[in-house]
1. For the chain, give the share of DSSP beta bridges that are antiparallel, in percent and rounded to the nearest 5; count only bridges with both residues there.
2. Ranked by accessible surface with a 1.4 Å probe, highest first, in what order do M236, M180 come?
3. Lys/Arg Cβ at +1, Asp/Glu Cβ at -1, dipole of the chain taken about the Cα centre: which of Q340, G129, T50 is farthest positive-ward?
4. Hey, which aspartates and glutamates would be in cross-link range of K300, C-alpha to C-alpha under 17 Å, not counting anything within fewer than 8 residues on its own chain?
5. For the chain, what does the helix formula give at 222 nm: sum of -39500 (n - 2.57) over DSSP H segments with n ≥ 4, over the residue count, nearest 500 deg cm²/dmol?
6. Leaving ligands, DNA and RNA out of it, report the carbon-plus-sulfur percent of the accessible area of the range 275-360 at a 1.4 Å probe.
7. Please compute the net charge surrounding G304, taking Lys and Arg as +1 and Asp and Glu as -1 over other residues with Cβ under 14 Å from its Cβ.
8. How much FRET efficiency would the formula 1/(1 + (r/R0)^6) give for K178 and T91, where r is the Cβ-Cβ distance and R0 is 45 Å, rounded to 0.05?
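The values are calculated or read from the model by the stated rules, or taken from the named source; none is laboratory data. Given the structure is predicted, the values throughout are model-derived calculations rather than measurements. We place every Cβ from the backbone using ideal geometry, glycine too, and count neighbours over all the protein chains shown. Ligands, DNA and RNA are stripped out before the accessible areas are found, and what is left, the full protein with its side chains, is counted by its heavy atoms. Shrake-Rupley method; radii C 1.70, N 1.55, O 1.52, S 1.80 Å.
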Amino acid sequence: MPDASAQPTTDADRAIPGPLAGYTTLRTGGPAERIVAVGSADELVQAVRTATEPVLILAGGSNVVIGDDGFPGTVVLVRSRGVRVIAEDATSVTVRVDAGEPWDDLVATTVANGWAGLECLSGIPGSTGATPIQNVGAYGQEVAETITGVEVYDRVEGTRQVIPAADCGFAYRGSIFKYMDRWVVLSVDFRLTRSPLSGPVRYAELARALGVEVGDQVPLADARSVVLRLRAGKGMVLDANDPDTRSVGSFFTNPVLDRATYEQLLERSAEVGDPPAWPGADGLVKVSAAWLIDKAGFAKGHPGEGGVAISSKHTLALTNRSGTAHTADLLTLARTIRDQVHARFGVTLHPEPVLINCTL
Ligand SMILES: Cc1cc2nc3c(=O)[nH]c(=O)nc-3n(C[C@H](O)[C@H](O)[C@H](O)COP(=O)(O)OP(=O)(O)OC[C@H]3O[C@@H](n4cnc5c(N)ncnc54)[C@H](O)[C@@H]3O)c2cc1C
(Lines give C-alpha, C1' and ligand atoms only; values in the text may rest on other atoms or scores of the structure.)
Protein backbone atom coordinates (compact mmCIF):
# COMPACT_ATOMS: atom_id res chain seq x y z
CA MET A 1 0.00 0.00 0.00
CA PRO A 2 1.41 3.44 -0.84
CA ASP A 3 2.70 5.55 2.01
CA ALA A 4 0.32 8.39 2.97
CA SER A 5 3.08 10.53 4.46
CA ALA A 6 4.49 13.36 2.40
CA GLN A 7 7.44 12.03 0.43
CA PRO A 8 9.60 13.72 -2.18
CA THR A 9 8.47 13.14 -5.73
CA THR A 10 10.24 10.61 -7.85
CA ASP A 11 9.60 10.14 -11.54
CA ALA A 12 8.12 6.76 -10.71
CA ASP A 13 5.21 8.15 -8.69
CA ARG A 14 4.14 11.01 -10.93
CA ALA A 15 1.04 9.23 -12.15
CA ILE A 16 -0.15 6.62 -9.72
CA PRO A 17 -3.35 4.66 -10.16
CA GLY A 18 -5.19 2.98 -7.33
CA PRO A 19 -7.62 3.67 -4.51
CA LEU A 20 -7.20 6.81 -2.48
CA ALA A 21 -7.37 4.80 0.76
CA GLY A 22 -3.62 4.34 0.47
CA TYR A 23 -3.11 8.10 0.64
CA THR A 24 -5.20 8.74 3.74
CA THR A 25 -4.49 8.04 7.39
CA LEU A 26 -8.01 6.60 7.74
CA ARG A 27 -7.18 4.11 4.97
CA THR A 28 -10.59 4.50 3.39
CA GLY A 29 -11.69 6.05 0.09
CA GLY A 30 -12.30 4.77 -3.44
CA PRO A 31 -10.35 5.38 -6.64
CA ALA A 32 -9.52 8.61 -8.45
CA GLU A 33 -9.59 9.04 -12.19
CA ARG A 34 -6.03 10.30 -12.09
CA ILE A 35 -3.42 10.83 -9.38
CA VAL A 36 -0.43 13.10 -10.01
CA ALA A 37 2.41 13.79 -7.58
CA VAL A 38 4.26 17.11 -7.73
CA GLY A 39 7.68 17.91 -6.24
CA SER A 40 7.84 21.70 -6.37
CA ALA A 41 5.65 24.80 -6.19
CA ASP A 42 6.05 25.34 -9.93
CA GLU A 43 4.96 21.77 -10.63
CA LEU A 44 2.01 22.21 -8.28
CA VAL A 45 0.83 25.33 -10.13
CA GLN A 46 1.33 23.65 -13.49
CA ALA A 47 -0.51 20.50 -12.41
CA VAL A 48 -3.50 22.46 -11.09
CA ARG A 49 -3.61 24.70 -14.19
CA THR A 50 -3.62 21.83 -16.63
CA ALA A 51 -5.53 19.15 -14.71
CA THR A 52 -8.82 17.73 -15.82
CA GLU A 53 -11.46 19.09 -13.41
CA PRO A 54 -12.49 18.51 -10.73
CA VAL A 55 -9.18 18.77 -8.84
CA LEU A 56 -8.46 17.62 -5.30
CA ILE A 57 -5.28 18.77 -3.55
CA LEU A 58 -4.11 16.04 -1.21
CA ALA A 59 -1.00 16.07 0.98
CA GLY A 60 -0.70 13.83 4.06
CA GLY A 61 -4.33 12.73 3.82
CA SER A 62 -4.71 13.09 7.59
CA ASN A 63 -7.65 15.47 7.60
CA VAL A 64 -9.86 14.12 4.83
CA VAL A 65 -12.67 11.60 4.65
CA ILE A 66 -13.01 10.42 1.06
CA GLY A 67 -16.14 8.64 -0.10
CA ASP A 68 -16.12 4.98 -1.11
CA ASP A 69 -16.78 6.05 -4.70
CA GLY A 70 -13.50 7.93 -4.67
CA PHE A 71 -12.93 11.16 -6.55
CA PRO A 72 -14.18 11.71 -10.13
CA GLY A 73 -11.25 13.83 -11.28
CA THR A 74 -7.57 14.61 -10.73
CA VAL A 75 -5.91 14.23 -7.36
CA VAL A 76 -2.72 16.28 -7.01
CA LEU A 77 -0.41 14.91 -4.32
CA VAL A 78 1.72 17.67 -2.81
CA ARG A 79 5.27 16.40 -2.31
CA SER A 80 7.32 19.64 -2.51
CA ARG A 81 9.92 19.97 0.25
CA GLY A 82 12.20 22.66 1.59
CA VAL A 83 12.81 24.96 4.55
CA ARG A 84 14.63 28.28 3.97
CA VAL A 85 15.45 31.11 6.36
CA ILE A 86 14.20 34.26 4.59
CA ALA A 87 14.74 36.81 7.38
CA GLU A 88 16.44 36.90 10.76
CA ASP A 89 17.54 39.27 13.47
CA ALA A 90 18.78 38.98 17.04
CA THR A 91 15.44 37.76 18.38
CA SER A 92 13.62 36.03 15.53
CA VAL A 93 13.89 33.88 12.43
CA THR A 94 11.40 33.74 9.58
CA VAL A 95 11.32 30.48 7.63
CA ARG A 96 9.61 29.81 4.30
CA VAL A 97 8.46 26.21 4.12
CA ASP A 98 7.31 24.36 1.02
CA ALA A 99 3.76 23.03 1.22
CA GLY A 100 4.70 19.35 1.09
CA GLU A 101 7.26 19.51 3.89
CA PRO A 102 6.17 16.97 6.53
CA TRP A 103 4.94 19.03 9.45
CA ASP A 104 6.61 17.13 12.27
CA ASP A 105 9.99 17.20 10.50
CA LEU A 106 9.67 20.99 10.47
CA VAL A 107 8.76 21.11 14.17
CA ALA A 108 11.74 18.87 15.02
CA THR A 109 14.05 21.18 13.03
CA THR A 110 12.79 24.31 14.77
CA VAL A 111 13.19 22.74 18.20
CA ALA A 112 16.73 21.56 17.37
CA ASN A 113 17.66 25.07 16.16
CA GLY A 114 16.29 26.85 19.23
CA TRP A 115 13.42 28.50 17.37
CA ALA A 116 10.35 28.69 19.60
CA GLY A 117 6.73 28.81 18.45
CA LEU A 118 5.83 25.37 17.08
CA GLU A 119 6.99 23.03 19.87
CA CYS A 120 3.51 22.26 21.26
CA LEU A 121 2.41 21.23 17.76
CA SER A 122 4.80 18.27 17.79
CA GLY A 123 3.53 14.96 16.45
CA ILE A 124 0.67 16.30 14.31
CA PRO A 125 0.63 14.34 11.05
CA GLY A 126 0.45 15.80 7.57
CA SER A 127 2.07 18.56 5.59
CA THR A 128 3.07 22.13 6.38
CA GLY A 129 0.94 23.49 3.54
CA ALA A 130 -2.21 22.08 5.14
CA THR A 131 -1.59 23.72 8.53
CA PRO A 132 -3.12 27.10 7.61
CA ILE A 133 -6.19 25.36 6.14
CA GLN A 134 -7.70 24.62 9.55
CA ASN A 135 -5.30 26.68 11.67
CA VAL A 136 -3.79 23.55 13.14
CA GLY A 137 -3.58 23.65 16.89
CA ALA A 138 -2.90 21.56 19.97
CA TYR A 139 -1.87 21.95 23.61
CA GLY A 140 -2.50 25.68 23.66
CA GLN A 141 -0.66 26.60 20.45
CA GLU A 142 -2.00 27.37 16.93
CA VAL A 143 -0.14 28.04 13.70
CA ALA A 144 -2.00 31.38 13.43
CA GLU A 145 0.33 32.68 16.15
CA THR A 146 3.47 32.27 14.05
CA ILE A 147 2.35 32.35 10.41
CA THR A 148 3.16 35.70 8.80
CA GLY A 149 1.99 34.87 5.28
CA VAL A 150 0.77 32.09 3.00
CA GLU A 151 1.92 31.90 -0.62
CA VAL A 152 -0.93 30.65 -2.78
CA TYR A 153 -1.90 30.01 -6.34
CA ASP A 154 -5.27 31.68 -6.87
CA ARG A 155 -7.27 29.43 -9.18
CA VAL A 156 -9.84 32.14 -9.88
CA GLU A 157 -7.35 34.87 -10.86
CA GLY A 158 -4.70 32.48 -12.17
CA THR A 159 -2.01 34.30 -10.15
CA ARG A 160 0.53 33.60 -7.41
CA GLN A 161 0.42 35.85 -4.36
CA VAL A 162 1.26 35.99 -0.67
CA ILE A 163 -1.76 36.39 1.60
CA PRO A 164 -0.70 38.13 4.84
CA ALA A 165 -1.74 36.33 8.03
CA ALA A 166 -4.16 39.12 8.91
CA ASP A 167 -6.16 38.31 5.76
CA CYS A 168 -6.23 34.53 6.27
CA GLY A 169 -9.31 34.62 8.51
CA PHE A 170 -7.75 32.34 11.09
CA ALA A 171 -10.21 31.03 13.65
CA TYR A 172 -10.61 27.91 15.79
CA ARG A 173 -9.96 25.07 13.28
CA GLY A 174 -10.74 27.37 10.41
CA SER A 175 -9.50 29.94 7.90
CA ILE A 176 -10.56 31.37 4.55
CA PHE A 177 -8.92 28.32 2.95
CA LYS A 178 -11.06 25.59 4.57
CA TYR A 179 -13.77 24.20 2.26
CA MET A 180 -12.54 26.55 -0.50
CA ASP A 181 -11.00 25.23 -3.71
CA ARG A 182 -9.88 28.69 -4.75
CA TRP A 183 -6.42 28.76 -3.17
CA VAL A 184 -3.63 26.23 -3.49
CA VAL A 185 -1.04 26.68 -0.76
CA LEU A 186 2.49 26.72 -2.21
CA SER A 187 4.51 27.69 0.87
CA VAL A 188 4.02 29.09 4.36
CA ASP A 189 6.12 31.68 6.25
CA PHE A 190 6.53 31.32 10.02
CA ARG A 191 8.15 33.90 12.30
CA LEU A 192 9.75 32.07 15.23
CA THR A 193 11.46 33.38 18.35
CA ARG A 194 15.11 32.63 19.04
CA SER A 195 14.82 31.05 22.46
CA PRO A 196 15.95 27.88 24.20
CA LEU A 197 12.63 28.01 26.07
CA SER A 198 9.07 27.46 24.92
CA GLY A 199 6.44 30.16 25.13
CA PRO A 200 4.44 30.16 28.39
CA VAL A 201 2.75 26.76 28.71
CA ARG A 202 -1.00 27.42 28.39
CA TYR A 203 -2.51 23.95 28.58
CA ALA A 204 -3.10 22.59 32.08
CA GLU A 205 -2.59 18.93 31.16
CA LEU A 206 0.73 19.75 29.50
CA ALA A 207 1.88 21.86 32.46
CA ARG A 208 1.05 18.99 34.84
CA ALA A 209 2.94 16.48 32.69
CA LEU A 210 5.94 18.83 32.57
CA GLY A 211 5.78 19.36 36.35
CA VAL A 212 5.39 23.14 35.97
CA GLU A 213 2.67 25.75 36.45
CA VAL A 214 0.54 27.11 33.62
CA GLY A 215 2.42 30.18 32.35
CA ASP A 216 5.90 28.73 33.01
CA GLN A 217 8.39 28.22 30.19
CA VAL A 218 10.31 25.00 29.64
CA PRO A 219 13.20 23.91 27.38
CA LEU A 220 11.92 23.44 23.82
CA ALA A 221 13.04 19.81 23.71
CA ASP A 222 11.14 19.06 26.94
CA ALA A 223 7.96 20.59 25.53
CA ARG A 224 8.33 18.52 22.37
CA SER A 225 9.05 15.22 24.10
CA VAL A 226 6.23 15.57 26.64
CA VAL A 227 3.73 16.59 23.93
CA LEU A 228 4.79 13.54 21.90
CA ARG A 229 4.35 11.30 24.94
CA LEU A 230 0.91 12.70 25.78
CA ARG A 231 -0.20 12.43 22.16
CA ALA A 232 1.03 8.85 21.79
CA GLY A 233 -0.95 7.88 24.89
CA LYS A 234 -4.07 9.12 23.11
CA GLY A 235 -3.33 7.46 19.77
CA MET A 236 -2.64 10.89 18.27
CA VAL A 237 0.78 10.11 16.78
CA LEU A 238 0.67 7.96 13.64
CA ASP A 239 1.87 4.44 14.34
CA ALA A 240 1.44 1.69 11.74
CA ASN A 241 1.18 -0.85 14.56
CA ASP A 242 -1.55 1.00 16.44
CA PRO A 243 -5.03 0.71 14.86
CA ASP A 244 -6.19 3.57 17.10
CA THR A 245 -4.16 5.89 14.90
CA ARG A 246 -5.99 4.86 11.71
CA SER A 247 -8.08 8.02 12.01
CA VAL A 248 -8.20 11.69 11.18
CA GLY A 249 -7.38 12.62 14.78
CA SER A 250 -10.37 14.36 16.30
CA PHE A 251 -13.43 13.66 14.17
CA PHE A 252 -15.52 16.46 15.68
CA THR A 253 -14.56 20.00 16.64
CA ASN A 254 -15.33 21.26 20.13
CA PRO A 255 -18.65 23.11 19.76
CA VAL A 256 -18.53 26.85 20.36
CA LEU A 257 -21.80 27.91 22.00
CA ASP A 258 -23.44 31.25 22.62
CA ARG A 259 -24.29 31.99 26.24
CA ALA A 260 -27.97 30.94 25.98
CA THR A 261 -27.15 27.58 24.39
CA TYR A 262 -24.43 27.02 26.98
CA GLU A 263 -26.89 27.71 29.82
CA GLN A 264 -29.34 25.21 28.28
CA LEU A 265 -26.54 22.67 28.09
CA LEU A 266 -25.77 23.15 31.79
CA GLU A 267 -29.42 22.48 32.62
CA ARG A 268 -29.51 19.35 30.49
CA SER A 269 -26.21 18.06 31.87
CA ALA A 270 -27.08 18.72 35.53
CA GLU A 271 -27.25 14.98 36.35
CA VAL A 272 -23.80 14.23 34.95
CA GLY A 273 -21.98 17.42 35.93
CA ASP A 274 -20.64 20.42 34.05
CA PRO A 275 -18.76 19.83 30.79
CA PRO A 276 -15.16 21.04 30.55
CA ALA A 277 -15.51 24.47 28.95
CA TRP A 278 -13.27 27.32 27.82
CA PRO A 279 -14.70 30.84 27.71
CA GLY A 280 -13.87 32.82 24.58
CA ALA A 281 -14.53 36.25 23.11
CA ASP A 282 -18.03 37.79 22.85
CA GLY A 283 -19.49 35.53 25.56
CA LEU A 284 -18.92 32.41 23.48
CA VAL A 285 -17.98 29.20 25.28
CA LYS A 286 -16.08 26.28 23.76
CA VAL A 287 -17.19 22.94 25.19
CA SER A 288 -15.44 19.57 25.17
CA ALA A 289 -16.86 17.41 22.38
CA ALA A 290 -15.18 14.34 23.90
CA TRP A 291 -17.10 14.89 27.16
CA LEU A 292 -20.43 15.30 25.34
CA ILE A 293 -19.82 12.10 23.37
CA ASP A 294 -18.81 10.16 26.46
CA LYS A 295 -21.79 11.37 28.50
CA ALA A 296 -24.16 10.63 25.59
CA GLY A 297 -23.22 6.97 26.05
CA PHE A 298 -20.24 6.36 23.78
CA ALA A 299 -17.25 5.04 25.68
CA LYS A 300 -13.74 4.65 24.31
CA GLY A 301 -13.58 1.58 22.08
CA HIS A 302 -17.32 1.73 21.24
CA PRO A 303 -17.71 -0.33 18.05
CA GLY A 304 -19.71 0.54 14.96
CA GLU A 305 -20.64 -1.73 12.06
CA GLY A 306 -18.15 -2.90 9.46
CA GLY A 307 -14.91 -2.69 11.42
CA VAL A 308 -15.03 0.90 12.66
CA ALA A 309 -14.83 1.95 16.30
CA ILE A 310 -14.20 4.87 18.59
CA SER A 311 -10.52 4.82 19.47
CA SER A 312 -9.76 2.86 22.63
CA LYS A 313 -7.57 5.80 23.72
CA HIS A 314 -9.58 8.89 22.79
CA THR A 315 -13.33 9.43 22.57
CA LEU A 316 -13.00 12.00 19.78
CA ALA A 317 -11.18 9.77 17.29
CA LEU A 318 -13.19 7.48 15.01
CA THR A 319 -11.01 4.72 13.66
CA ASN A 320 -10.86 2.22 10.84
CA ARG A 321 -10.17 -0.42 13.46
CA SER A 322 -10.13 -3.42 11.13
CA GLY A 323 -8.12 -1.67 8.44
CA THR A 324 -10.68 -2.81 5.86
CA ALA A 325 -13.64 -0.62 6.84
CA HIS A 326 -15.52 1.61 4.42
CA THR A 327 -16.09 5.33 4.65
CA ALA A 328 -19.85 4.64 4.75
CA ASP A 329 -19.43 2.64 7.97
CA LEU A 330 -17.37 5.38 9.57
CA LEU A 331 -19.95 8.02 8.64
CA THR A 332 -22.77 5.86 10.01
CA LEU A 333 -21.00 5.75 13.37
CA ALA A 334 -20.34 9.50 13.18
CA ARG A 335 -24.02 10.19 12.44
CA THR A 336 -25.16 8.00 15.33
CA ILE A 337 -22.85 9.89 17.70
CA ARG A 338 -23.85 13.31 16.38
CA ASP A 339 -27.58 12.52 16.61
CA GLN A 340 -27.38 11.01 20.09
CA VAL A 341 -25.34 13.96 21.42
CA HIS A 342 -27.96 16.30 19.95
CA ALA A 343 -30.85 14.32 21.43
CA ARG A 344 -29.22 14.22 24.87
CA PHE A 345 -27.73 17.74 25.10
CA GLY A 346 -29.24 19.83 22.27
CA VAL A 347 -25.76 20.53 20.88
CA THR A 348 -24.80 19.81 17.26
CA LEU A 349 -21.34 18.40 16.63
CA HIS A 350 -19.57 19.30 13.39
CA PRO A 351 -16.88 17.26 11.66
CA GLU A 352 -13.30 18.57 11.78
CA PRO A 353 -11.98 16.81 8.63
CA VAL A 354 -12.88 17.83 5.10
CA LEU A 355 -15.47 15.42 3.64
CA ILE A 356 -14.85 14.65 -0.02
CA ASN A 357 -17.54 13.07 -2.15
CA CYS A 358 -19.43 12.00 0.97
CA THR A 359 -21.65 13.68 3.56
CA LEU A 360 -22.43 13.33 7.22
C1 LIG B 1 -3.57 10.95 14.50
C2 LIG B 1 -3.95 12.35 14.08
C3 LIG B 1 -3.81 13.40 14.97
C4 LIG B 1 -4.15 14.72 14.59
N5 LIG B 1 -3.99 15.73 15.50
C6 LIG B 1 -4.31 17.00 15.16
C7 LIG B 1 -4.15 18.07 16.10
O8 LIG B 1 -3.71 17.89 17.22
N9 LIG B 1 -4.50 19.32 15.71
C10 LIG B 1 -4.97 19.59 14.45
O11 LIG B 1 -5.26 20.76 14.15
N12 LIG B 1 -5.11 18.59 13.53
C13 LIG B 1 -4.79 17.32 13.87
N14 LIG B 1 -4.95 16.30 12.95
C15 LIG B 1 -5.50 16.60 11.62
C16 LIG B 1 -4.42 16.77 10.53
O17 LIG B 1 -3.24 16.11 10.86
C18 LIG B 1 -4.09 18.23 10.24
O19 LIG B 1 -5.25 18.94 9.89
C20 LIG B 1 -3.07 18.37 9.10
O21 LIG B 1 -2.67 19.72 8.97
C22 LIG B 1 -3.59 17.88 7.75
O23 LIG B 1 -2.50 17.86 6.87
P24 LIG B 1 -2.50 16.94 5.57
O25 LIG B 1 -1.29 17.29 4.80
O26 LIG B 1 -2.65 15.52 5.96
O27 LIG B 1 -3.81 17.46 4.83
P28 LIG B 1 -4.78 16.61 3.88
O29 LIG B 1 -5.57 15.67 4.70
O30 LIG B 1 -4.04 16.08 2.74
O31 LIG B 1 -5.75 17.78 3.38
C32 LIG B 1 -6.63 18.40 4.28
C33 LIG B 1 -7.37 19.52 3.55
O34 LIG B 1 -6.43 20.52 3.18
C35 LIG B 1 -6.40 20.67 1.77
N36 LIG B 1 -5.00 20.86 1.40
C37 LIG B 1 -3.93 20.10 1.75
N38 LIG B 1 -2.81 20.64 1.26
C39 LIG B 1 -3.16 21.74 0.57
C40 LIG B 1 -2.46 22.73 -0.18
N41 LIG B 1 -1.13 22.70 -0.33
N42 LIG B 1 -3.17 23.73 -0.75
C43 LIG B 1 -4.52 23.80 -0.63
N44 LIG B 1 -5.24 22.90 0.06
C45 LIG B 1 -4.57 21.89 0.67
C46 LIG B 1 -7.00 19.39 1.20
O47 LIG B 1 -7.57 19.62 -0.07
C48 LIG B 1 -8.03 19.07 2.26
O49 LIG B 1 -9.17 19.88 2.05
C50 LIG B 1 -4.63 14.98 13.30
C51 LIG B 1 -4.78 13.90 12.40
C52 LIG B 1 -4.44 12.60 12.78
C53 LIG B 1 -4.59 11.48 11.81
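1. So the antiparallel bridges amount to about 75 percent of the total.
2. M180, M236
3. Q340
4. D242, D244
5. The per-residue figure over the chain is -6500 deg cm²/dmol.
6. Reported share for carbon and sulfur atoms: 52 percent.
7. Net local charge, G304 excluded: +2.
8. 0.90
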